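The values are calculated or read from the model by the stated rules, or taken from the named source; none is laboratory data. What you are looking at is a predicted structure, and each value in this text was computed from that prediction instead of being measured. FYI the Cβ positions are ideal-geometry reconstructions off the backbone, even for glycines, and counts take in every protein chain you see. Just so you know, the surface numbers come from the protein's heavy atoms only, side chains and all, with ligands and any DNA or RNA stripped out. Shrake-Rupley method; radii C 1.70, N 1.55, O 1.52, S 1.80 Å.
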Amino acid sequence: MSWRGGGRGWRSSGYGGGRQSWGGSRAAPKEEKENDTIYVSGLPKSITVEQLEQLFGSIGKVKKRRGKGHDRFNWYPVIKIYKDRETGIPKGDATVSYEDPHSAGSAPNWFHNKEHFGGVISVQAATKNWKATQGAGAGAGAGAGGHGGA
């Protein structure tokens, strides 16, 4: 029985050793996406998602996402308030995502080093978390306590 015809298994044009040469990387280059998220620090411990949505929504539309499970019919703002892992108390920083990257770009001009919620807050463009940008199995490589070189 020959695997050449029929289009199953190996390539239908003939067995080519199981590999095809596409000239370079097989993965398509990722398009650079404009940053639509800001990082806010200096917030009070009592801050709520609603308060952040009201303030930062004043210059642009805050991105929303659908709930999960039974909550899938509700939409929630894409705002993350960072909390202490052990106590669950807010740390005083958060990220806010906008529908429009231009709104995220103008947020530092509007809010950075200004007084809101009883104190001066810091607002800047958010950057990706190093751990989140690494592939699975990154482990303890360079910069994570391992030996990163010769």
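Close amide H contacts of VAL78 (hydrogens built in the peptide plane, cut-off under 5 Å, sequence separation of 5 or more or a different chain): LYS63, LYS64, ARG65, SER97. Taking Cα centre as origin and charging only the Cβ of basic (Lys, Arg, +1) and acidic (Asp, Glu, -1) residues, the dipole magnitude of the stretch 37-125 rounds to 340 debye. Under a Cβ-Cβ cut-off of 14 Å, what is the net charge of the residues other than ILE59 that fall near it, where Lys and Arg count +1 and Asp and Glu count -1? Summing Lys/Arg as +1 and Asp/Glu as -1 gives -1. Converting the Cα gyration tensor eigenvalues of the stretch 37-125 into ellipsoid dimensions via √(5λ) gives semi-axes, longest first, of 21, 18, 10 Å. Taking loop as defined by DSSP and a crowding limit of 13 other beta carbons within 10 Å, which trypsin sites (Lys or Arg not before Pro) in the stretch 46-131 fit? Filter output for the stretch 46-131: LYS61, LYS68, ARG72, ARG85, LYS128.
Summed over the residues of the stretch 37-125 and divided among them, the accessible surface reaches 63 Å² per residue at a probe radius of 1.4 Å.
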